[in-house]
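Structure first, then comments.
The values are calculated or read from the model by the stated rules, or taken from the named source; none is laboratory data. Remember, predicted model here, so these are calculated numbers, not experimental data. Every residue, glycine among them, receives a Cβ derived from its backbone with ideal geometry; neighbour counts consider all protein chains shown. Note: areas computed on protein heavy atoms with side chains; ligands, DNA, RNA excluded. Shrake-Rupley method; radii C 1.70, N 1.55, O 1.52, S 1.80 Å.
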Amino acid sequence: MESVSFPPLSRVAICGGTHGNEMTGVYMVREMQKQKMDKTGSLSVSIILSNPRAVEACRRYIETDLNRCFTSDLLSSPVTDSTPYELKRAQELNAQVGPKGSEEAVDLLIDIHNTTSNMGLCFIFYSIDWVTLHILKYIQSKMTSVDIRAIQLDLPISEAYSLESVGKHGFAIEVGPQPNGVLRADIYNMVKEAVDHIFSWLQEFNSGSTFEGGEVEVYTLVKSVDYPRDAVTGEITAAIHCQLQDNDFKLLQRGDPIFLSFSGETVKYDDEELYPFFVNECAYYEKKIAFHLGRKIKLTFPSINLTG
């Protein structure tokens, strides 16, 4: 693979509170604002509380999920009196750190999230982006005591629905387990360390350092699995089985238990071997998702350096 050059990555956005009850990002942003970290070495940093009304209410969202409002169609849709608050907010954020797909967009956008699932620290991104993969590899080399994984969602950027897709480069940091509305010191410090390392990588890159190519493992989404439901009422009839609970990213094999019905019957997995993640995520009950399933693949990336 030939080396690839990029211009300086000097304009960065750090966002938290996109979901108002995911507290790591909320308090990370507040602390960065308090420390006046908007100028850090070669970096100009926009520090953004994404959904202030939801943060104030300590709810995931007020009217609709903000982190599903960033497709190109939604960002360009007309605003009327009936437009949900979060869609209006998405368009405001797009104007602030985008516009999405433009040369004016920030160079790197990082959106901090929590999950109630036992997923450790995950990068979530869309297109296969060399900058993101280099940062991932760098963080893995620096935080060796932490399981750091990555999930790639195979969608065109125009259809990418979450905030990180607005930047030229971007990813979400998803960390758990952490209950909604709760702040855990271990989770907060894990994310703080990751953000500090990201800033260090950016400073090194902008100073002219070359980063050698390599490979990383990522998980690609294959499908989502719903809970068993009553055919008439639509209510769930089973919970995640204890042998699956807290075992995100552990290979799921045919015959493994996945649900335990309320009448005591075990539902077993009967499909190809895949890896579960976002297992029993609280926010996904309304989306009718018990867990996602994905494949583990390896991505190779080239060396990168500064243009010129």
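For the range 268-303 versus the range 117-154, the spacing of their alpha-carbon centroids is 15 Å. Amide H contacts for Thr18 (H built 1.01 Å from N in the peptide plane; partners 5 or more residues away or on another chain; cut-off under 5 Å): Ser50, Asn51.
Apply the a/c threshold of 1.5 to the C-alpha gyration tensor of the range 107-215 and tell me whether it is rounded, prolate or oblate. Cα axes put the range 107-215 in the oblate bin.
Peptides 214-220, 148-154 ranked from most to least packed give 148-154, 214-220, packing being the mean of other C-beta atoms within 10 angstrom over each peptide's residues.
Per residue, the convex hull spanned by the Cα atoms of the range 225-280 measures out at 80 cubic angstrom.
By average Cβ neighbour count within 10 Å, what is the ranking of 163-173, 87-97, 249-259 from highest down?
Ranking, from highest mean packing down: 163-173, 87-97, 249-259.
Can you check what the net charge comes to around Lys288, using other residues whose Cβ is under 15 Å from the Cβ of Lys288 (Lys, Arg +1; Asp, Glu -1)?
The answer is -2.
Other residues within the sphere of radius under 15 Å centred on the Cβ of His19, judged by their own Cβ, net out at -4 (K and R +1, D and E -1).
Counting only protein heavy atoms and a probe of 1.4 Å, the accessible surface of the range 1-53 is 51% carbon and sulfur. For the range 289-303, 3J(HN,Hα) computed residue by residue from phi via the Karplus equation (6.51, -1.76, 1.60; θ = phi - 60°) reads 10, 8, 6, 9, 10, x, 9, 9, 10, 10, 10, 9, 9, x, 5 Hz, glycine and proline entered as x. In this structure the amide hydrogen of Ile151, modeled in the peptide plane, comes within under 5 Å of the amide hydrogens of Phe123, Ile124, Phe125, Tyr219, none closer than 5 places in sequence on its chain.
Per the Debye formula on identical point scatterers at the alpha carbon atoms of the chain, with no solvent, log10 I(q)/I(0) at q = 0.07, 0.15 Å⁻¹ is -0.28, -1.26. Note that the range 277-286 has calculated 3J(HN,Hα) couplings of 8, 6, 6, 6, 5, 4, 5, 8, 4, 5 Hz, one per residue in order, obtained from phi through the Karplus relation 6.51 cos²θ - 1.76 cosθ + 1.60 (θ = phi - 60°); glycine and proline are x. Note that the range 8-21 has calculated 3J(HN,Hα) couplings of x, 9, 9, 10, 10, 10, 10, 10, x, x, 4, 9, x, 10 Hz, one per residue in order, obtained from phi through the Karplus relation 6.51 cos²θ - 1.76 cosθ + 1.60 (θ = phi - 60°); glycine and proline are x. Rounded to the nearest 500, the 222 nm mean residue ellipticity of the chain from helices alone is -7000 deg cm²/dmol, with -39,500 (n - 2.57) taken per DSSP H run of at least 4 residues.
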